[in-house]
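What follows is one structure encoded as structure tokens, with my remarks underneath.
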Amino acid sequence: KSSRSNPITFIKGYDEIRALFSQTPEAVSKGFSPGHFSFNVAGGRCETCEGEGRVKVDMVFMEDVWVPCQDCDEKRFKPSILNVRYRGKNIDDCLKMTIDEAYEFFKGIPSLRTKLALMVDVGLGYLQLGQPGFSLSGGEAQRLKIARELTQTLSKGKSTLFILDEPTTGLHFNEVTRLIHVLRRLISNGHSVIVIEHNLQLICASDYIIDLGPDGGDGGGKIVATGTPKAVAQKKLLHTSRYLSELL
């Protein structure tokens, strides 16, 4: 949730982008290293806002206010760094790309593209690479964590239990389908997934259901059915089984 955290840093892909920029003729001629293209350390970042792109104004009787940095115009970097271009784009242009756009733009970098593809797979292709972490919804943050875990499964060699709370919130049914594929990839890689969910599309795709009810709030808290989606659909229950039976 830090303002310095964003999708591309969280997925461990920004190091590769910084390395690409540091290898351009312009950067080499001026002695710019990958560190110059980081907004977290001094060197190439705008020092007025310290790479935030915005400046905090202390308010005496009210909550502090953040305003756009006037020196870098919210671009985070010094003009000399912004003059460096990779395939016609500077570092600010790249951070403002959506993940879908970046997937096409970095098509010659397989390792980076693999990480971007995972974020596309979990339905986050519309996010900007440099979008602040605090602006992500709970569901977006969960799916971003899933994407990062998928990048680490081959090297970690350990099984993980994932507990997800309503990861389908706000998703189009096509995006839910993509999320289901990703969850199945986690399972095929040896992990386990428990999902707290009301979305029937995901419930139908699950291996096993524990139905709590019979209602919400004071009317809930009891296990009313367990089993596969088809087994639960065949039970004569008021809610879940009735709706599942219409779909299965």
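The values are calculated or read from the model by the stated rules, or taken from the named source; none is laboratory data. Keep in mind that this is a model prediction, so the values were computed, not measured. Neighbour counts are summed over all protein chains in view; Cβ atoms, including those assigned to glycine, are modelled from backbone coordinates with ideal geometry. With ligands, DNA and RNA removed, areas are computed over all heavy atoms of the protein, side chains included. Shrake-Rupley method; radii C 1.70, N 1.55, O 1.52, S 1.80 Å.
Per-structure values
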quantity: Sum of side-chain charges, Ile203 neighbourhood, beta-carbon under 10 Å (Lys, Arg +1; Asp, Glu -1); calculated: -2
quantity: Heavy-atom accessible surface of the stretch 1-44: percent carbon and sulfur, 1.4 Å; calculated: 58
quantity: Charge tally in the Cβ shell below 13 Å around Ala233, where Lys, Arg are +1 and Asp, Glu are -1, Ala233 excluded; calculated: +2
quantity: For Leu164, solvent-accessible area (1.4 Å; no DNA, RNA or ligand), Å²; calculated: 10
quantity: Rounded accessible area per residue of the stretch 19-120, 1.4 Å, Å²; calculated: 54
quantity: Span-rule helices in the chain, defined as complete DSSP H runs reaching 24 Å or more along the axis (Cα) with Kyte mean at least 1.6; calculated: none
quantity: Cα-Cα over 23 Å, subset of Lys89/Lys115; Lys12/Lys96; Lys30/Lys96; Lys12/Lys75; Lys115/Lys145; calculated: Lys30/Lys96
quantity: Most mobile listed residue (Thr24, Thr151, Thr226) in the chain, GNM with C-alpha springs under 10 Å; calculated: Thr226
quantity: Separation of alpha-carbon centers, the stretch 191-222 and the stretch 23-97, rounded to whole Å; calculated: 45
quantity: Cβ-derived FRET efficiency at R0 35 Å, Glu26 paired with Ser3, nearest 0.05; calculated: 0.75
quantity: Sorted peptide list for 233-241, 117-125, 13-21, criterion being average Cβ within 10 angstrom, highest first; calculated: 117-125, 13-21, 233-241
quantity: Förster-model FRET efficiency, 51 Å R0, Ile163 and Ser33, C-beta, rounded to 0.05; calculated: 0.80
quantity: Within-14-Å neighbourhood charge of Val224 [Cβ basis; K, R +1; D, E -1]; calculated: +2
quantity: Among 191-203, 94-106, the order from most to least packed when residues are scored by Cβ within 10 Å on average; calculated: 94-106, 191-203
quantity: CD proxy at 222 nm, helix term only [per DSSP H run n ≥ 4: -39500 (n - 2.57); per residue of the chain; nearest 500]; calculated: -11000 deg cm²/dmol
